[in-house]
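Undergrad: Starting off with a structure, shown below.
The values are calculated or read from the model by the stated rules, or taken from the named source; none is laboratory data. This structure is a prediction, so every number in the text was calculated from the model and none was measured. Cβ: placed from backbone, ideal geometry, glycine included. Neighbour counts: every protein chain shown. Just so you know, the surface numbers come from the protein's heavy atoms only, side chains and all, with ligands and any DNA or RNA stripped out. Shrake-Rupley method; radii C 1.70, N 1.55, O 1.52, S 1.80 Å.
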Amino acid sequence: MAPVTHSGTTDVLIAGAGPVGLSAAAELRRQGVRCRLVDRLPARLPYAKAVGIQPRTLEIWDRMGLARTVLEAAAVLRGQLIYVNGRERARIELALPPEVPYEFAALPQYETERLLEAYVAGLGTSVERGTELLSFTQDQGGVTARLRTASGTEEEVRTGYLIGCDGAHSTVRKSLGLTYEGAAFDAEYMLGDVEADWDLPHGYGVRSTHLAADGSTDDVLVCIPLPGPGRYRMSMLVPPELSMRAGTGTGTTGAGDVRGDGVAHVDDVAHGLESGRAPELHHIQAVVDRLAPRPAVLSRLRWSSVFRISHRIVDRYSDDRVFVAGDAAHIHPPTGAQGMNTGIQDACNLAWKLALVIRGEAGPALLTTYDAERRPIGEEVVGRTVRHATQGIEADPDAPRTVLLREAQLLVNYRGGPLAPATNGSPGTPRLGDAHTPSVSPATLSPGDRAPDCTGLTSSGSAYPWRLFDVLRGRTGHVALLYTTDPATVPTTAETLHATATAAAGPPLEVIAVLARDTSPDLSAQDAVPVPAYHDTTGEFARLYTPDGPTAYVIRPDGHLATRFPFPAPTTPLPTYLAALSP
């Protein structure tokens, strides 16, 4: 039996240093929370697995100050070309409304991990490589976890909370006994990271299928642009000679799934990379010769693999002090690049809540809202990606604009949830942009909605206008935006809001004034406001935030609207929201 060492305590232990675990660590460290981040692999894997980065993910990273770094390394996705039996059937332009600050992008997963890892290291936390979570127990005071380190020794660590970001074969999920209902697709696929010499427009993905006489799809090629001239991640059906079912691997029902380290693991989840023969360039070239809309010569195969796809989701995202996020909680087809991005939003939603609880600014009951807010999102994403994988995204019955905004994850909202209950006639609509929420800028911005960006904010001392996201960047807590035509009302209102938060023993509020377009441009009046003040010079804030007179907006740390209310007012919804966070 390996010797066991006992280490000190930490606030949060994160198992799994993929994009989801790294995003959880980034937000926790940004909030000043101590955390350890362990991963059983000795190094990042050089695979272009999850490559799509949605605009909403870039908005989350913008708050951290990371978006520019990611975009400088990524490729912009401008659209998708859809072909059926050699003929172009659709051309989807990925054009978003002008108030959306970021476009769709693509970056190999290992690059995403590298940038996130560097960011987290800059905040004082390094990934502990070659360290595997073996087991854990929890009690009223915390979690005791047993780790095996890279040296082979076993370590017992005491932590307040444990987050399982350890993938489709999650040790955390299995140890909690969570169900993982779903099924596997029969088809097997192969991936290849290659360069293509063809004359298709730059920045456009390609989806080319062949329909059999009975209308079923019997051949498919999907190409996603990656950074670099002519570089794509291509996926397609596996030829018979590479099929795991043909006996070239270790099993036929998922027992040969590879967790990324090149070793076959027995598991009941047939999802992910598999052991066996890796496709060679000629296998991928053969599919391109059959299905590509233009003649193409492939070269520079960097990496390839056979993989399987399942769709599953857990019955709950948490059990007291232990949580699951990302693939540990939900897996589904890669259609629309929803998986990694949904997991990153899981991580951000959970991290700010953990931070408040650990600092004593919120009660443990706040942590139950993680499952209540995020599991419905996971269920919707799993169902939608399965439909798109089997029927094609072009068969989606919603309007193209709604489909695009939903794929960009800009319609995710928590209306009607525990932190945004439907009151006074406010809508409690289903989440994630159904027919009731077709716009990235809803007619009335309601609690639970994504707080949109806007342009045209000017301030004293700055020679250029700011975006709202510029103003919010780097802030870690709740922010109250006070929209008014009268700067003189700001001091009393700000004082009242601070007093309300203090009385509720809740998180502190940062207050920022947004002066209406028709406010006097007298800079001396703006300078006299005792909080940061910005002038809505173009009226863009008012158009997107739909104020009804002087209005306060409280924005959560994850960029969703907590509450809104008129001011000055004898009573506001703020105490109700703060009560939901109450220690």
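Undergrad: Need one number: nm distance between label points at Thr476 and Ala118, each 7 Å from Cα along Cα→Cβ, rounded to one decimal.
TA: Calculated label separation equals 2.3 nm.
Undergrad: When the Karplus curve 6.51 cos²θ - 1.76 cosθ + 1.60 is applied with θ = phi - 60°, which whole-Hz ³J(HN,Hα) does each residue of the stretch 12-19 get, with x for Gly and Pro?
TA: So the J values, rounded to whole Hz, are 9, 10, 10, 9, x, 10, x, x.
Undergrad: So, one more: What list of ³J(HN,Hα) values in whole Hz, one per residue of the stretch 357-362 in order, does the Karplus curve 6.51 cos²θ - 1.76 cosθ + 1.60 (θ = phi - 60°) give from phi, with Gly and Pro shown as x?
TA: 5, 5, 7, x, 8, 8
Undergrad: Where does the stretch 43-108 land on Rg(C-alpha)/(2.2 N^0.38 Å)?
TA: Numbers: Rg = 14.6 Å, N = 66, 2.2 N^0.38 = 10.8 Å.
Cα-based Rg divided by the globular estimate yields 1.35.
Undergrad: Using all C-alpha to C-alpha distances in the stretch 196-239, build P(r) with 5 Å bins and read off the rounded percent in each one.
TA: Once binned at 5 Å, the Cα pair distances of the stretch 196-239 give 5, 20, 26, 18, 14, 10, 5, 1.
Undergrad: So, for the chain, what is the accessible surface per residue at a probe of 1.4 Å, expressed in square angstrom?
TA: On the way: 22370 Å² over 583 residues.
Spelled out: the 1.4 Å probe surface of the chain, per residue, equals 38 Å².
Undergrad: Grab the beta carbon distance between Arg294 and Arg517, set R0 = 41 Å, and tell me the FRET efficiency rounded to 0.05.
TA: Numbers: r = 50 Å, r/R0 = 1.22.
Working from the Cβ atoms, E equals 0.25.
Undergrad: Next up: Can you give the net charge of the other residues whose Cβ lies under 13 Å from the Cβ of Val194, counting K and R as +1 and D and E as -1? Let's see the in-between values first.
TA: Working: positive: Arg231, Arg233, Arg300, Arg302; negative: Asp193, Glu195, Asp197, Glu280.
Once positives and negatives cancel, what remains is 0.
Undergrad: Please figure out what share of the DSSP beta bridges in the chain is antiparallel and state it in percent, rounded to the nearest 5.
TA: 70 percent
Undergrad: When the accessible area of the stretch 31-73 is split by element with a 1.4 Å probe, what percent falls to carbon and sulfur? Don't skip to the answer; put the middle values down first.
TA: Working: 770 of 1490 Å².
Using a 1.4 Å probe with all protein chains present, the stretch 31-73 comes out at 52 percent carbon and sulfur.
Undergrad: When the chain is fully extended, how far beyond the present Cα-Cα distance does Glu156 get from Arg316, taking 0.36 nm per residue of separation?
TA: Values: separation 160, 0.36 × 160 = 57.60 nm, distance 2.66 nm.
Extra length available between Glu156 and Arg316 comes to 54.9 nm.
Undergrad: Follow-up. Could you please report the charge total around Ile224, scoring K, R as +1 and D, E as -1 over all other residues with beta-carbon less than 15 angstrom from its beta-carbon?
TA: Numbers: positive: Lys49, Arg78, Arg207, Arg231, Arg233, Arg302; negative: Glu103, Glu111, Asp193, Glu195, Glu407.
Every neighbour counted, the sum reads +1.
Undergrad: Something else now. If you wrap the stretch 1-148's Cα atoms in a convex hull and average its projection over all directions, what's the area in nm²? Walk me through the intermediate numbers first.
TA: Numbers: hull surface 53.0 nm².
The Cα convex hull of the stretch 1-148, projected and averaged over all directions, gives 13.3 nm².
Undergrad: Can you pull a Stokes-Einstein diffusion coefficient for the stretch 141-203 at 37 °C (0.692 mPa s), Rh from Kirkwood over Cα pairs, as a whole number of µm²/s? Don't skip to the end; give the middle numbers.
TA: Numbers: Rh = 16.8 Å.
Stokes-Einstein gives a translational diffusion coefficient of 195 µm²/s.
Undergrad: Also: Given an 8 Å cut-off on Cα distances and at least 6 residues of separation, report the relative contact order of the chain as a percent. Walk me through the numbers on the way to the answer.
TA: On the way: 1296 pairs, mean separation 80.7, N = 583.
Contact order relative to length: 14 percent.
Undergrad: Could you tell me the calculated FRET efficiency between Ala365 and Phe185, based on Cβ-Cβ distance and R0 = 41 angstrom, to the nearest 0.05? Before the final figure, lay out each step's value.
TA: Numbers: r = 39 Å, r/R0 = 0.95.
After rounding, the FRET efficiency stands at 0.60.
Undergrad: Here is a further query. Of Leu366, Ala150, His478, which is farthest towards the positive pole of the chain's charge dipole, taken about the Cα centre with +1 and -1 on the beta-carbons of Lys, Arg and Asp, Glu respectively?
TA: Value computed over the given set: Ala150.
Undergrad: Quick check on the chain: helices-only [θ] at 222 nm, where DSSP H runs of length 4 and up contribute -39,500 (n - 2.57) each and the sum goes over total residues. Nearest 500, please. Spell out each step's value before the answer.
TA: Values: 14 runs with 151 residues, N = 583.
My calculation for the chain gives -8000 deg cm²/dmol from helical runs alone.
Undergrad: For the stretch 331-423, restrict the atom set to alpha-carbon positions and state the Rg and Dmax in Å.
TA: 15.4, 49
Undergrad: Where does the stretch 305-353 land on the Kirkwood hydrodynamic radius, alpha-carbon pairs, in angstrom? Mind showing how you got there, number by number?
TA: Details: mean 1/r = 0.0845 Å⁻¹.
Taking every pair of different Cα atoms in the stretch 305-353, averaging 1/r and inverting gives 11.8 Å.
Undergrad: Write down the Å³ per residue value for the convex hull defined by the alpha carbon atoms of the chain. Can you show the working numbers first?
TA: Values: hull volume 89.1 nm³, N = 583.
Dividing the Cα hull volume of the chain by its residue count gives 153 Å³.
Undergrad: Give the residues of the stretch 338-377 whose amide nitrogen is closer than 17 Å to a point set 7 Å from the Cα of Asp398 in the direction of its Cβ.
TA: 338-339, 341-343, 374-377
Undergrad: So what does the Cα-only Debye profile of the stretch 8-66 read at q = 0.17, 0.18, 0.24 Å⁻¹, as log10 I(q)/I(0), no solvent term?
TA: Values returned for q = 0.17, 0.18, 0.24 Å⁻¹ are -0.68, -0.75, -1.09.
Undergrad: Strictly greater than 25 Å: what percent of every Cα pair in the stretch 267-423 meets that? Don't skip to the answer; put the middle values down first.
TA: Details: 5784 of 12246 pairs.
Result for the distance tail: 47 percent.
Undergrad: Kirkwood hydrodynamic radius for the stretch 454-565: how many Å is it when counted over pairs of different Cα atoms? Don't skip to the answer; put the middle values down first.
TA: Values: mean 1/r = 0.0707 Å⁻¹.
This gives a value of 14.1 Å.
Undergrad: Next up: Using the Cα centre as the reference, give the magnitude of the dipole from point charges on the C-beta atoms of the chain (Lys, Arg: +1; Asp, Glu: -1; all else neutral), rounded to the nearest 20 debye. Can you show the working numbers first?
TA: Values: 53 positive and 66 negative charges, 71 e Å.
Rounded to the nearest 20 debye, it is 340 debye.
Undergrad: With the cut-off at 19 Å, report for the stretch 68-190 the share of all Cα pairs above it, as a whole percent.
TA: Working: 5380 of 7503 pairs.
The share of Cα pairs beyond 19 Å in the stretch 68-190 comes to 72 percent.
Undergrad: Fully extended, how many nm does the chain gain between Ala505 and Asp486 (0.36 nm per residue separation, minus their Cα-Cα distance)? All intermediate terms of the calculation are to be shown ahead of the outcome.
TA: Details: separation 19, 0.36 × 19 = 6.84 nm, distance 2.96 nm.
Contour length minus the Cα-Cα distance gives 3.9 nm.
Undergrad: Here's a follow-up. Determine Rg/Rh for the stretch 462-520; Rg is computed over alpha-carbon atoms and Rh is the Kirkwood hydrodynamic estimate from the same atoms. It would help to have the intermediate numbers written out before the result.
TA: On the way: Rg = 13.1 Å, Rh = 12.9 Å.
Over the Cα atoms of the stretch 462-520, Rg/Rh equals 1.01.
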